Amino acid sequence: DGGITQSPKYLFRKEGQNVTLSCEQNLNHDAMYWYRQDPGQGLRLIYYSQIVNDFQKGDIAEGYSVSREKKESFPLTVTSAQKNPTAFYLCASSMLGRVGGYTFGSGTRLTVV
Amino acid sequence: AQTVTQSQPEMSVQEAETVTLSCTYDTSESDYYLFWYKQPPSRQMILVIRQEAYKQQNATENRFSVNFQKAAKSFSLKISDSQLGDAAMYFCAYRSAIQGAQKLVFGQGTRLTINP
């Protein structure tokens, strides 16, 4: 079955460490997205990519980095520059040119310890 | 920039009753898409319903329907015959119709509780 896989489901990070969240899709979708979810704030866009080797900053890109070396993969690195990284992170994908919602992954809960 | 506002952080309804969740948005564009997503306790995001701004007819999906008021920039979700499985966070979202502009802008969410 096609879908989006995020791993790990839970992740713990020590302060000052970088950590990478994985997002893989086998839907042949062109575009991929990373959102951060905090209580009471909905989902906020971190980064998105519409084609391989290209990506754009979203509304809250500071302290994060991404790469898009393959169409199927869009990993997110939470760097030590991100001051408040504890949150729920959702990855999504969509087909360009089609009207529809996104397909979402099941999310990664990141906790700084 | 577009914004989406959900003014009801929490709502509750008796099972089998009808509930309406509110959403307003701000945009200068004339063509766009609106969505309602459901996020149950599993935290998996599920598309409930979508509306194209150029369509005057309100979208309907089984027990879910919307009241789309383009001039008022309002997009409310009505859930009829509420069921226990409808309990979830509900997010309203906006997407521009400009080619290539695929990103969704979400509201803050409304937590819906169903009382048995």
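For the residues A:Gly101, A:Gly63, the requirement of being closer than 18 Å to A:Leu45 by Cβ and at pLDDT below 90 singles out A:Gly101. If you go through the stretch A:37-49 one residue at a time, do you hit one that is modelled with pLDDT under 90, surrounded by 12 or more Cβ atoms within 10 Å (Cβ to Cβ) and touching a strand residue (DSSP E or B) at 6+ places or on another chain (Cβ under 8 Å)? The answer is yes, given that some residue of the stretch A:37-49 is modelled with pLDDT under 90, surrounded by 12 or more Cβ atoms within 10 Å (Cβ to Cβ) and touching a strand residue (DSSP E or B) at 6+ places or on another chain (Cβ under 8 Å). If the condition is being exposed (fewer than 14 other Cβ atoms within 10 Å of the Cβ) and either under 13 Å from the mean Cα position of the chain (by Cα) or more than 9 Å from chain B (Cβ to nearest Cβ) (or both), then the stretch A:90-113 contributes A:Arg98, A:Thr111, A:Val113. Checking each residue in the stretch A:22-44 for being under 21 Å from B:Pro9 (Cβ atoms) and part of a strand (DSSP E or B) picks out A:Tyr35, A:Arg36, A:Gln37, A:Leu43, A:Arg44. Note on the stretch B:46-71: among residues that are under 28 Å from A:Gly107 (Cα atoms) and basic (Lys, Arg), the one that is nearest to the other protein chains (Cβ to nearest Cβ) is B:Arg50.
Matching residues to (1) closer than 20 Å to A:Met95 by Cβ; (2) among the aromatic types (Phe, Trp, Tyr); (3) out of contact with any helix residue (DSSP H, G or I) (no Cβ under 7 Å at 6 or more places or on another chain):
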position: B:Ser12; (1), (2), (3): no, no, yes
position: B:Ala16; (1), (2), (3): no, no, yes
position: B:Phe35; (1), (2), (3): yes, yes, yes
position: B:Gln51; (1), (2), (3): yes, no, yes
position: B:Gln57; (1), (2), (3): no, no, yes
position: B:Phe64; (1), (2), (3): no, yes, yes
position: B:Asp81; (1), (2), (3): no, no, yes
position: B:Gly107; (1), (2), (3): no, no, yes
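Restricting attention to the stretch A:60-78, the residues being outside any strand (DSSP E or B) and either β-branched (Val, Ile, Thr) or loosely packed, with under 14 Cβ neighbours inside 10 Å (or both) number 3.
Looking only at residues of the stretch A:64-89 that are within 13 Å of chain B (Cβ to nearest Cβ) and free of Cβ contacts under 8 Å to residues at least 60 places away in the same chain, we find that the one that is nearest to A:Thr5 (Cα to Cα) is A:Phe88. Across the stretch B:35-45, the qualifying residues are those that are under 21 Å from B:Thr20 (Cβ atoms) and more than 8 Å from chain A (Cβ to nearest Cβ), and the one among them that is farthest from the chain's Cα centre (by Cα) is B:Pro40.
The values are calculated or read from the model by the stated rules, or taken from the named source; none is laboratory data. Everything numeric in this text was worked out from a predicted model, so none of it was measured. Don't worry about glycine lacking a Cβ; one is built from the backbone with ideal geometry, like all the others, and counts go over all protein chains shown.
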